[in-house]
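Shown next, in structure tokens, is the structure this report addresses.
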Amino acid sequence: GSKASDPSAVILDTGEQLDVEILRGSEITERDIDIGEPVTDATELVVIWFDPVPAGGSTLLRITETYTDPNRFFEHGDSFVWDRSFGRSRNTVVLPKGWYLTASAVPATVHTHDDGRQALVYSNDRPGNIDVLIRGRRR
């Protein structure tokens, strides 16, 4: 249910900007990309193209993208709850304008943007997902 926007990727070793595409539905099938599950018209995939890593070598990538995920957000009175798993090592959640954080089930570093929105930065240095549950209220 989430939608990606503004994806970008760079090879940190060289500074090279990589080609990035967002493919949907039949575009995925036409490119013969196996995503490990059935492809539907609603399937969306961010694809980052880079040369194969040589045997015994490494390539350090920085990948950024914005996800809008309204299906995991719900309001109850003047409060909200947002629940999602993160599989990447670093994720930032920016709360909508007019809302503030009241609880986070996973430790985060909290910053306040100049426009008053709060941003929560989650770091996961271990393999596997972290399950993040956020609660907040209207200002």
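Going residue by residue through the stretch 47-66, is there one that turns out to be polar (S, T, N, Q) and touching a Lys or Arg at 6+ places or on another chain (Cβ under 8 Å)?
no
Within the stretch 4-27, being open to solvent by 100 Å² or more (accessible area, probe 1.4 Å) and touching a residue at least 60 places away in the same chain (Cβ under 8 Å) holds for one residue alone: Asp6. Residues that are loosely packed, with under 14 Cβ neighbours inside 10 Å, under 22 Å from Phe80 (Cβ atoms) and of a type in the set (D, E, K, R) within the stretch 114-129 comprise just one, Asp115. Within the stretch 9-27, the residues that satisfy the criterion of being more than 22 Å from Pro70 (Cα to Cα) and assigned to a strand (DSSP E or B) are Ala9, Val10, Ile11, Gln17, Asp19, Val20, Glu21. His76: at pLDDT below 90 and over 13 Å from the mean Cα position of the chain (by Cα), yes or no? Yes. Among the residues of the stretch 28-57, the ones that are of a type outside the set (Val, Ile, Thr) and either open to solvent by less than 80 Å² (accessible area, probe 1.4 Å) or closer than 19 Å to Thr68 by Cα (or both) come to 6 in all.
Report yes if Leu45 is part of a strand (DSSP E or B), within 19 Å of the chain's Cα centre (by Cα) and farther than 30 Å from Arg138 by Cβ, otherwise no. Against the criterion (part of a strand (DSSP E or B), within 19 Å of the chain's Cα centre (by Cα) and farther than 30 Å from Arg138 by Cβ), Leu45 qualifies. The condition of being acidic (Asp, Glu), open to solvent by 50 Å² or more (accessible area, probe 1.4 Å) and within 26 Å of Asp125 (Cβ to Cβ) holds for only one of Asp78, Asp69, Asp83, that being Asp83.
Table: residues versus (1) assigned to a loop (DSSP other than H, G, I, E, B); (2) among the hydroxyl-bearing types (Ser, Thr, Tyr); (3) surrounded by 14 or more Cβ atoms within 10 Å (Cβ to Cβ); (4) out of contact with any Ser or Thr (no Cβ under 7 Å at 6 or more places or on another chain).
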site	(1), (2), (3), (4)
Phe74	no, no, no, yes
Lys97	yes, no, no, yes
Thr102	no, yes, no, yes
His111	no, no, no, yes
Asp131	no, no, no, no
Arg135	no, no, yes, no
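The values are calculated or read from the model by the stated rules, or taken from the named source; none is laboratory data. All of these numbers come straight from a predicted model, not from anything done at the bench. Glycine also receives a Cβ, built like all others from the backbone with ideal geometry; neighbour counts cover every protein chain displayed. Accessible surface is based on the protein model in full, side chains and every heavy atom, while ligands, DNA and RNA are left aside. Shrake-Rupley method; radii C 1.70, N 1.55, O 1.52, S 1.80 Å.
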